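> Got a structure for you, written out below as structure tokens; questions coming shortly.
The values are calculated or read from the model by the stated rules, or taken from the named source; none is laboratory data. Treat the numbers as computed from the prediction; the structure is a model and nothing was measured. All Cβ positions, glycine included, derive from the backbone under ideal geometry; neighbour counts span all protein chains shown.
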Amino acid sequence: MSVESPVKEPAVVPGTGPGKVPAHVPPELVREPGYEGPNTLDDPFAVTVGAFEELPPVFYWPRPSPGRYDGTWVVTHYEDIRDVYQKDELYSTYNAANFQALVGETFRMIPLAVDPPEHGKYRILLNPYFSPRAVTAMEPQMRQVINELIDAFADKGECDAAYDFGRIYPVRVFLDLMGFPQDMLEDFLVWEYSILHNFRNPEKIKYGVSHALAYLRSFIEEVRAKPNDRLASHIVHGQVDGRPVTEDEIIGTIFFLWVGGLDTVAATTSLMFRRLALRPDLQQQLRDKPELIPDAIEEFLRVQPLVNSSRLVKQDHDIRGVRIRAGDYIMCYNLAGNFDPAEFENPREVRFDRTPNRHFTLAGGPHRCLGSHVARREMAIALGEFLKRIPPFKLKPGADRAATPGLVAAPNVPVVWS
Ligand code: HEM
């Protein structure tokens, strides 16, 4: 498939401030990758096909980000991305996912915005709820939720795989994991969407953040008075370093889980069904051999990198001869790294027998996604149950098939079967 290159050469404006480039950045390394807009391609990530030829392996993107920084270094190659994730002596997650700063809050997003070794004590607090064994215990509830959702459309010959269940299912699983009331589903979906799908619209992000925080704080008071066995209560009544957690630690942890745990699975699920609707051959492989589903999930994750993580640089150093300064930001461009031919043979091909398949969709290093087992199991169960109950399906003719930017997702995937 030929895709026109969206990479543009931006005007270089030295200095600091939105859209400006610091003086130490060589002008020839300033690039605007432009892969972020919505598209309707069969593979929404095909826009990055030329990334390795079009972009230098290390470049500077003068990309303003609300309330935080003027621009960022970007690394595109697999081994450089791996280094940024792993070398916590050079890179910090300080202020990562700092949505709450937009409404004047000063708590940290925990555990993401905390560097090792302090970071480890929060993982110890949370780990019991995310281990493979804990996730296995969630399976019956996952199956029940997905089957209730499929019941509603199984006889109709069509459904919107993104809207009717891809969007709702992970939120219902998350509500149960945390102990939130199931009737918060619609409000959570609205707030979450306004935060994660409006990267260029701070007012919408503020709306979602302020409503979510007001609700979460009132919920924290409820479980403080009435403990239960769910994760939110475990955090509220938890200990780190042998002392009770502070108010900032409680809201910082619960809010980060709320941001990280809802829409990521929904977005991945929507893209997975979109791809399967367009690729009957992939559907058939999984219908013939359902045991391939866990490896298929891993491959769907690889070819659908939703998030590009950012880090703050702690010390001056060079990457491929380019001077990176302490205080700069650097972004792991998973959109390119997950397709690096140096790591993945025929990287644009979707193959369920890829081993090893060490992609970056769930990041890497100490901040590797804590919810990865939950996410994988949720998606495997959704896919397995759907394929068991629904015959071969395809996209509804004339359907809007746009994939949206931000946290890349397909808001609607109307599919039909006979
Ligand atoms: C397909 C779904 C998911 C994707 C693509 C995803 C992606 C990510 C990524 C890229 C990071 C690292 C961010 C960075 O290093 O800057 C991360 C961290 C994290 N994720 Fe996920 N995530 C998913 C599902 C979940 C779920 C379901 C939960 C919880 C219920 C969750 C909880 C977390 C937590 C707590 C961290 C922070 C880990 C740390 O800093 O130690 N994630 N996730």
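> So ALA326 clears everything in (1) crowded, with 18+ Cβ neighbours inside 10 Å; (2) within 22 Å of THR72 (Cα to Cα); (3) of a type in the set (A, V, I, L, M) except one condition, right? Which one?
(1)
> Identify, by number, the condition in (1) in a helix (DSSP H, G or I); (2) under 23 Å from ARG351 (Cβ atoms) that VAL259 doesn't meet.
So the condition that VAL259 fails would be (2).
> Let me ask something else about it. Would you be able to say whether some residue in segment 168-182 is more than 16 Å from the ligand (Cβ to nearest atom) and at pLDDT 95 or above?
Yes, that holds for at least one residue.
> Can you name the residue in segment 233-268 that is of a type in the set (A, V, I, L, M) and under 21 Å from the mean Cα position of the chain (by Cα) and, of all such residues, is farthest from GLU186 (Cα to Cα)?
Initially, segment 233-268 is screened for residues of a type in the set (A, V, I, L, M), giving 235-236, 240, 245, 250-251, 254, 257, 259, 262, 265-267.
So of that shortlist, the ones also under 21 Å from the mean Cα position of the chain (by Cα) come out as 251, 254, 257, 259, 262, 265-267.
Working: ILE251: 21, ILE254: 18, LEU257: 18, VAL259: 15, LEU262: 12, VAL265: 16, ALA266: 14, ALA267: 16 Å.
Of everything passing the filter in segment 233-268, ILE251 is farthest from GLU186 (Cα to Cα).
> Looking at segment 330-337, is at least one residue within 16 Å of the ligand (Cβ to nearest atom), buried (at least 17 other Cβ atoms within 10 Å of the Cβ) and either in a loop (DSSP other than H, G, I, E, B) or without any contact (Cβ under 8 Å) to a residue 60 or more places away in the chain (or both)? Please lay out each step first, then the result.
From segment 330-337, those within 16 Å of the ligand (Cβ to nearest atom) are 330-337; that's our starting set.
Within this subset, residues satisfying the condition of being buried (at least 17 other Cβ atoms within 10 Å of the Cβ) are 330-337.
Filter once more, keeping what is either in a loop (DSSP other than H, G, I, E, B) or without any contact (Cβ under 8 Å) to a residue 60 or more places away in the chain (or both): 333.
There is at least one residue in segment 330-337 that is within 16 Å of the ligand (Cβ to nearest atom), buried (at least 17 other Cβ atoms within 10 Å of the Cβ) and either in a loop (DSSP other than H, G, I, E, B) or without any contact (Cβ under 8 Å) to a residue 60 or more places away in the chain (or both).
> Only one residue in ARG143, ARG167, ARG133, ARG123 is of a type in the set (Lys, Arg) and surrounded by 20 or more Cβ atoms within 10 Å (Cβ to Cβ), so which one is that? Quick ask: steps written out before the conclusion?
On the way: ARG143 fails: surrounded by 20 or more Cβ atoms within 10 Å (Cβ to Cβ); ARG133 fails: surrounded by 20 or more Cβ atoms within 10 Å (Cβ to Cβ); ARG123 fails: surrounded by 20 or more Cβ atoms within 10 Å (Cβ to Cβ).
Step by step, each of ARG143, ARG167, ARG133, ARG123 is checked, and only ARG167 is of a type in the set (Lys, Arg) and surrounded by 20 or more Cβ atoms within 10 Å (Cβ to Cβ).
> Checking the condition within 13 Å of the ligand (Cβ to nearest atom), outside any strand (DSSP E or B) and either aromatic (Phe, Trp, Tyr) or farther than 30 Å from GLU158 by Cβ (or both), which residue from ASN346, ASN357, ASN308 passes? Steps first, answer last, please.
On the way: ASN346 fails: within 13 Å of the ligand (Cβ to nearest atom); ASN357 fails: within 13 Å of the ligand (Cβ to nearest atom).
The match here is ASN308.
Condition check ((1) part of a helix (DSSP H, G or I); (2) over 21 Å from ASP318 (Cα atoms)) across all residues:
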site	(1), (2)
ALA46	yes, yes
PRO56	no, no
ARG82	yes, no
TYR85	yes, no
GLU105	no, yes
ASP115	no, yes
ALA134	yes, yes
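> Something else now. Quick one: what pairs do we get from segment 343-371, first residue over 16 Å from ALA296 (Cα atoms), second within 14 Å of the ligand (Cβ to nearest atom) and hydroxyl-bearing (Ser, Thr, Tyr), C-beta under 7 Å, 6+ apart or different chains?
The qualifying pairs are ALA363/TYR85; ALA363/SER309; GLY364/TYR85; GLY365/TYR85; HIS367/THR93.
> Also, I was wondering about something else. Quick one: in segment 288-305, which of the residues that are under 16 Å from GLU385 (Cα atoms) and out of contact with any Lys or Arg (no Cβ under 9 Å at 6 or more places or on another chain) is farthest from the ligand (Cβ to nearest atom)?
It comes out as ASP288.
> List pairs: first in segment 196-222 and modelled with pLDDT under 85, second outside any loop (DSSP other than H, G, I, E, B) and acidic (Asp, Glu), Cβ under 9 Å, 6+ apart or cross-chain?
So the pair list comes out as LEU196/ASP263; HIS197/ASP263.
> Of a type in the set (Val, Ile, Thr) and under 21 Å from the mean Cα position of the chain (by Cα): which single residue out of VAL103, VAL75, VAL30, VAL58 fits that description? Walk me through how you get there before you give the answer.
On the way: VAL103 fails: under 21 Å from the mean Cα position of the chain (by Cα); VAL30 fails: under 21 Å from the mean Cα position of the chain (by Cα); VAL58 fails: under 21 Å from the mean Cα position of the chain (by Cα).
The conditions single out VAL75.
> Quick one: in segment 369-403, of everything that is part of a loop (DSSP other than H, G, I, E, B) and within 7 Å of the ligand (Cβ to nearest atom), which residue is farthest from PRO116 (Cα to Cα)?
Step one: of segment 369-403, the residues part of a loop (DSSP other than H, G, I, E, B) are 369-371, 390-392, 396-402.
With the extra rule that they be within 7 Å of the ligand (Cβ to nearest atom), the set shrinks to 369-371.
On the way: CYS369: 15, LEU370: 15, GLY371: 18 Å.
Checked segment 369-403; the qualifying residue farthest from PRO116 (Cα to Cα) is GLY371.
> Which of the residues that make up segment 78-100 are among the basic types (Lys, Arg) and more than 20 Å from the chain's Cα centre (by Cα)?
Residues of segment 78-100 among the basic types (Lys, Arg): 82, 87.
If the condition is that a residue be among the basic types (Lys, Arg) and more than 20 Å from the chain's Cα centre (by Cα), then LYS87 is the only one that fits.
> Considering LEU149, LEU112, which residue is away from the ligand (no atom under 15 Å from the Cβ), closer than 25 Å to THR269 by Cα and crowded, with 19+ Cβ neighbours inside 10 Å? Reasoning before the result, please.
On the way: LEU112 fails: away from the ligand (no atom under 15 Å from the Cβ).
None of the others qualify; the one that does is LEU149.
> Looking at (1) closer than 30 Å to ARG279 by Cα; (2) modelled with pLDDT of 75 or more; (3) assigned to a loop (DSSP other than H, G, I, E, B), can you tell me which one HIS24 breaks?
Unmet condition: (1).
> Also: Just to check your reading of the model, which residue among THR268, THR253 is out of contact with any Lys or Arg (no Cβ under 8 Å at 6 or more places or on another chain), crowded, with 22+ Cβ neighbours inside 10 Å, among the β-branched types (Val, Ile, Thr) and farther than 19 Å from ALA113 by Cβ?
On the way: THR253 fails: farther than 19 Å from ALA113 by Cβ.
Just one listed residue meets the conditions, THR268.
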